[in-house]
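Reviewing the structure listed below.
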Amino acid sequence: MTADATPPVAVTGLGLLTPAGDGVDATWDGVRRGLGTASHDPVLAGLPVDFSCRVPLSSEELGRRIGRAAWRMARNARLAVLAAREAVLDAGLDARSWDGDRVAVVLGCGLGADAEREEQAARLRESGPDMVSAVTFPLVLPNMASGEVSIDLGARGPVLAPATACATGASALAVARDLLASGRCDIAVAGATEAAVTPLASAGFWQAGALSRRTGAPAEASRPFAADRDGFVLAEGAGVLVLERAEDAAARGARVRALLAGCGSTADAHHPTAPEPGARGAEAALRTALAEAGLAPHEVDHVNAHGTSTPLGDAGEAALIARVLPHRPSVTAAKGVLGHGLGAAGAIEAALTVLTLQHRTVPPIANLDAPAPGFDLDCVTKEPRGQDVRVALSHSFGFGGHNVVLALVRA
Amino acid sequence: MPDTYDTVRSVLTQTFRVPEEEIEPGRTLGQLDLDSLALAELTLVLHERLGVRIEGEYASRETTLTALATHLASLGAGGTGAVASS
């Protein structure tokens, strides 16, 4: 270990609600299958980009599972509460008997409850202030998913909601790791949620040139690292991980799915939306994550790439991987299957990276035959690849210039 | 009154997920776990369903379901004033 090394924390629980399915097992099955999940979306009908990747559960069904408190929760909070319950159960913990004072919740979102915000704005416009709901702000505050998870689980330690756009989920895990390392909590429920597939989101990202326009074949639209990629696909979902100090997990005999060994968080300080051409900030995040883990670049077996399927973003990331990890670790990008879950993506992908380490399986990139000419990457395509992955990186980058790289290692 | 009581019942079960078996005419809104935020939302949903706006004192934590339904009926709820059907 180098002088920079930081003690790893254990990942003891996972919870996922994604376009590939309801729960961790369904998502893992769907991601291994490697088929895009995007389809035409009635909410986006008539817009230039009218498709998205949706979690296959209605808000009504999510509310039914949550129970009486659901009426005041936006869809993003509902996804978060259910993913957090799954993660805590998976960790073998019981929220009724734990010491809630020592449990942190670090759970953010990228956009927030935009569908609910747009609905209330329409009520104000069309029917006046009498018809604006008193729960408008409980619905739309960006911290409310973390607040509702805290209430649901009786978690009374530090509770907060990081916001680093499409790196939010990874930032949440990095912050949670720090809270554990500094002794601020004993258990951290960490991740992110997003449910912001709205007409405004589609129109706005379309105007920015960020979305795929493959309206004739939505399921084929998200194609990270492909030569003919043309943008990302709006998606929703939630991913939650339960983290504990490794010694605490061992002491209670918990099953450890993987270790979070290093976190690198940097910013480009360059441009609101364009990645820095030299990717120096992303490289620094990668090197910091490895240094904290006490690992060298050549020890990386696998990269779960940010891979959004945008022309510029994927090119920058491909060049970064080829330059810093020239030994060609396997590369996957879950957004081919799941679309871009915005703030939630980093947490969902960290969970998938944990599953890759645990099951020694790298899922394929959907809609990819071979990486674009000029990308010197070992992309996994067509079918899952069995690989003895011991060290894996999960990349997340966000508007604002945020770069977060997580180093995960086999337990 | 029976019509307005049925509307109150359906809002409580559908919007607030109060179990059907807890709903009795003599129960108060507070006994059904509706807090001040929920009471404000209840007022809005009833306004949408029935076209009448009730003042806060007629939908407090101490208000029984019977009293609420009776008050709604006295306002002529369910007439032609409904602003939305949802």
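The values are calculated or read from the model by the stated rules, or taken from the named source; none is laboratory data. Since the structure is predicted, the reported quantities are computational estimates derived from the model, not experimental observations. All Cβ positions, glycine included, derive from the backbone under ideal geometry; neighbour counts span all protein chains shown.
Summary of values
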read-out	value
Some residue of region A:3-13 being exposed (fewer than 14 other Cβ atoms within 10 Å of the Cβ), of a type in the set (D, E, K, R) and at pLDDT below 95	yes
Restricting region A:48-98 to residues that are assigned to a loop (DSSP other than H, G, I, E, B), within 14 Å of chain B (Cβ to nearest Cβ) and surrounded by 15 or more Cβ atoms within 10 Å (Cβ to Cβ), the residue that is farthest from the chain's Cα centre (by Cα)	A:Met73
Residues located in region A:99-120, provided they are out of contact with any Cys (no Cβ under 7 Å at 6 or more places or on another chain) and part of a loop (DSSP other than H, G, I, E, B)	A:Asp99, A:Cys109, A:Leu111, A:Gly112, A:Ala113
Count - residues of region A:374-411 that are more than 24 Å from A:Ala291 (Cα to Cα) and assigned to a strand (DSSP E or B)	4
Matching residues, region A:67-95, being among the aliphatic types (A, V, I, L, M) and more than 16 Å from B:Glu41 (Cβ to Cβ)	A:Leu79, A:Ala80, A:Val81, A:Leu82, A:Ala83, A:Ala84, A:Ala87, A:Val88, A:Leu89, A:Ala91, A:Leu93, A:Ala95
Contacts under 8 angstrom Cβ, first residue in region A:141-154 being over 10 Å from A:Val189 (Cα atoms), partner aromatic (Phe, Trp, Tyr), 6 or more apart	A:Gly154/A:Trp98
Which listed residue, of A:Glu236, A:Glu220, is assigned by TED's automatic domain parsing to the domain that holds A:Arg177, in contact with a strand residue (DSSP E or B) (Cβ under 7 Å, 6 or more places away or on another chain), within 30 Å of A:Ser52 (Cα to Cα) and of a type in the set (D, E, K, R)	A:Glu236
Neighbours by Cβ (under 7 Å, 6+ apart or cross-chain): first from region A:213-236, over 19 Å from A:Cys379 (Cβ atoms); second among the aromatic types (Phe, Trp, Tyr)	A:Thr215/A:Phe51; A:Pro218/A:Phe51; A:Leu234/A:Phe205
The listed residue being among the hydrophobic types (A, V, I, L, M, F, W, C) and surrounded by fewer than 18 Cβ atoms within 10 Å (Cβ to Cβ), out of A:Ala322, A:Ala366, A:Ala350	A:Ala322
Residues of region A:121-158 classified as of a type in the set (S, T, N, Q), buried (at least 17 other Cβ atoms within 10 Å of the Cβ), within 14 Å of another protein chain (Cβ to nearest Cβ) and part of a helix (DSSP H, G or I), total	1
Tally, over region A:325-347, of residues that are in a loop (DSSP other than H, G, I, E, B), crowded, with 24+ Cβ neighbours inside 10 Å and on the phi < 0 side of the Ramachandran plot	3
Criterion violated by B:Arg49 - all others in (1) modelled with pLDDT under 95; (2) more than 13 Å from the chain's Cα centre (by Cα); (3) of a type in the set (Lys, Arg) satisfied	(2)
Any hit, region A:342-353, residues being over 25 Å from A:Arg177 (Cα atoms) and not assigned by TED's automatic domain parsing to the domain that holds A:Asp228	no
Condition broken by A:Arg102, with the remaining ones in (1) under 17 Å from A:Met73 (Cα atoms); (2) of a type outside the set (Gly, Ala, Ser); (3) over 19 Å from the mean Cα position of the chain (by Cα) satisfied	(1)
Some residue of region A:85-94 being among the hydrophobic types (A, V, I, L, M, F, W, C) and over 21 Å from A:Gly21 (Cα atoms)	yes
Region A:151-174, residues that are hydrophobic (A, V, I, L, M, F, W, C) and within 9 Å of A:Ala104 (Cβ to Cβ)	A:Ala155, A:Val159, A:Leu160
Residues of region A:193-216 that turn out to be surrounded by 15 or more Cβ atoms within 10 Å (Cβ to Cβ) and closer than 25 Å to A:Ala238 by Cβ, as a count	16
Yes/no for A:Ser265 being in contact (Cβ under 8 Å) with a residue 12 or more places away in the chain, touching a His at 6+ places or on another chain (Cβ under 8 Å) and assigned to a strand (DSSP E or B)	yes
